[in-house]
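This report concerns only the one structure given below.
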Amino acid sequence: MRKVIVSASTEYAVLIGRGLLAQLGTEVAKRIRPCKAAVITDTTVEKLYAEQAEQSLAAAGFTTCRFSYPAGEGSKHIGTLSDMLEFLAEQEITRQDIIIALGGGVAGDMAGFAAAVYQRGIRFVVPTTFLAAVDSSVGGKTAIDLRAGKNMAGAFYQPQLVLCDVDTLDTLPEEIFADGIAETLKYGVIGDAKLFAETASGDFREKLEEIIETCVKMKRDIVNEDEFDTGLRQLLNLGHTLGHSIEKNSNFTLSHGHAVAIGMHLIAKVAERSGLAEKGLAETIRQALLHNNLPTSTSYTAEEIAAGVLKDKKRRGGEISFVLPTKIGHCEIVKIPTEEVLDLVRTALA
């Protein structure tokens, strides 16, 4: 088992290994006395892992209850959050109890947000998707989507433990696993050329624990320095500003990882055409994405994408921060005036 310690406003461990779900109760009990545990999960993960998680918790002395919601980004809204909070109240969950977020990014985001606003509770995260393991389960960003855009309402709320059982990734459909590949390639472009090369090759399944640990350590270092996303942490948004708009334009029928893949290629084209990036960078990224069955283009117009970008939560007054890659392993944060966003998107699509 690998362990990474994150030292943010709350210090916690990220445990990575195989067979860890069976140890969930034991690991939680090391950090909090047995109490009531509310398991928050979606209908897909519920069928696969909820019973195993609850059995592990029960064996360690915890009493469990379960809330499940329809799987998918379409559930990540205020209605589901409201139902979740009402469930916690009905089950008489208190500040001494815990919430177990069992699932991917949607489960972690919503259960974490519920914990942040419901009696300021405690959250434990058990990611079951590759994307959640390498990225969203670490760092304390919790949120729901609004009609205006993705992750528009939320809170910074650090977990007490992240437990990543790599065995759960074996049940992922290839398309969902690819979402995690997109985020892993992102980490490579941001700061690790070796990670990028390994992931781009597609031959890394036997190194999943090592790959996840590398990504978590990179995010750990960034979060430790900039927990509240005011500077360095914005590097993690590579591909996300355009990607979020594309994802929203699709009414979330396009997954987050696939949208980020497109956004990453498009912003690399912008960086290269502006002279900031080395020649051939966009094509290098495009080939890495294609090799891993990820999309690199979109049918949405520049006007449609720009409209979504202008509603992005990263907008600060008359500017929006974009992360532009200069070469594999290095990116720069560039502030773009809002009146130039449409031209930037046109450049990306050209």
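Hey, which aspartates and glutamates would be in cross-link range of residue 313, C-alpha to C-alpha under 15 Å, not counting anything within fewer than 8 residues on its own chain? Here the aspartates and glutamates satisfying the reach criterion relative to residue 313 are 145, 229, 247. If you sort the three axes of the alpha carbon gyration tensor as a ≥ b ≥ c, you get a/c under 1.5 for the range 148-273, which makes it rounded.
Apolar share of the accessible surface for the range 236-303: 47 percent from carbon plus sulfur atoms, 1.4 Å probe. A 1.4 Å probe run over the protein chains yields, for the range 1-87, 46 Å² of accessible area per residue, whole-number rounding.
Computed from the C-alpha gyration tensor, the three semi-axes of the ellipsoid equivalent to the range 1-96 are 23, 17, 16 Å, from longest to shortest.
For each pair in 76/141; 186/219; 217/269; 219/311; 150/311; 30/217, compute the distance between the two Cα atoms and list the pairs where it is over 18 Å. Those over the limit are 217/269; 219/311; 30/217.
For the chain, the longest principal axis of the C-alpha atoms and the axis of helix 281-291 are separated by about 50°.
Could you sort 332-339, 233-240 so that the peptide with the highest average Cβ count within 10 Å comes first and the rest follow in order? Walk me through the intermediate numbers first.
Numbers: 332-339: 13.5, 233-240: 23.0.
Going by the mean number of other Cβ atoms within 10 Å, highest first, we get 233-240, 332-339.
Rounded to the nearest 10 square angstrom, residue 273 shows an accessible area of 130 square angstrom against a 1.4 Å probe.
Each part gets one Cα centre, and for the range 262-289 versus the range 63-137 those centres are 36 Å apart. The local environment of residue 42, defined by Cβ-Cβ distances under 14 Å, has a net charge of -1 under the rule Lys, Arg +1 and Asp, Glu -1.
Taking the longest Cα principal axis of the chain as reference, the axis of helix 208-225 is set at about 80 degrees.
Work through the residues other than residue 283 whose Cβ is under 12 Å from its Cβ and net out their charges, Lys, Arg +1 and Asp, Glu -1. Can you show the working numbers first?
Working: positive: 269, 279, 286; negative: 272, 278.
Summing Lys/Arg as +1 and Asp/Glu as -1 gives +1.
Cβ under 15 Å from residue 53's Cβ, residue 53 left aside: what net charge do those residues give with Lys, Arg +1 and Asp, Glu -1? Don't jump to the answer; show the numbers that get you there.
Values: positive: 36, 47, 66, 123; negative: 27, 42, 46, 51, 54, 165, 167.
Charge balance in the 15 Å sphere: -3.
Candidate values (i) 19.6, 57; (ii) 19.5, 60; (iii) 23.6, 101 were compared with Rg and Dmax of the Cα atoms in Å computed on the shown model; the agreeing label is (ii).
What whole-number value in cubic angstrom gives the convex hull volume per residue for the C-alpha atoms of the range 247-350?
Cα convex hull per residue, to the nearest whole number: 98 Å³.
How much length would be gained if the chain were fully extended between residue 225 and residue 319, taking 0.36 nm per residue of separation minus their Cα-Cα distance, in nm to one decimal? That pair, residue 225 and residue 319, stretches by 31.5 nm at full extension. Across the accessible surface of the range 102-214, with the other protein chains kept in place and a 1.4 Å probe, carbon and sulfur atoms take up 49 percent.
In the calculated pair-distance distribution of the range 33-180, the portion above 20 angstrom amounts to 42 percent of the Cα-Cα pairs.
In the chain, the longest principal axis of the Cα atoms and the axis of helix 256-273 are about 30 degrees apart.
The values are calculated or read from the model by the stated rules, or taken from the named source; none is laboratory data. Since the model is a prediction, treat every value here as computed from it, not as a measurement. So basically every Cβ, Gly included, is an ideal-geometry build from the backbone, and we count neighbours across all protein chains shown. These area figures cover heavy atoms from the full protein model, side chains too; ligands, DNA and RNA do not enter into them. Shrake-Rupley method; radii C 1.70, N 1.55, O 1.52, S 1.80 Å.
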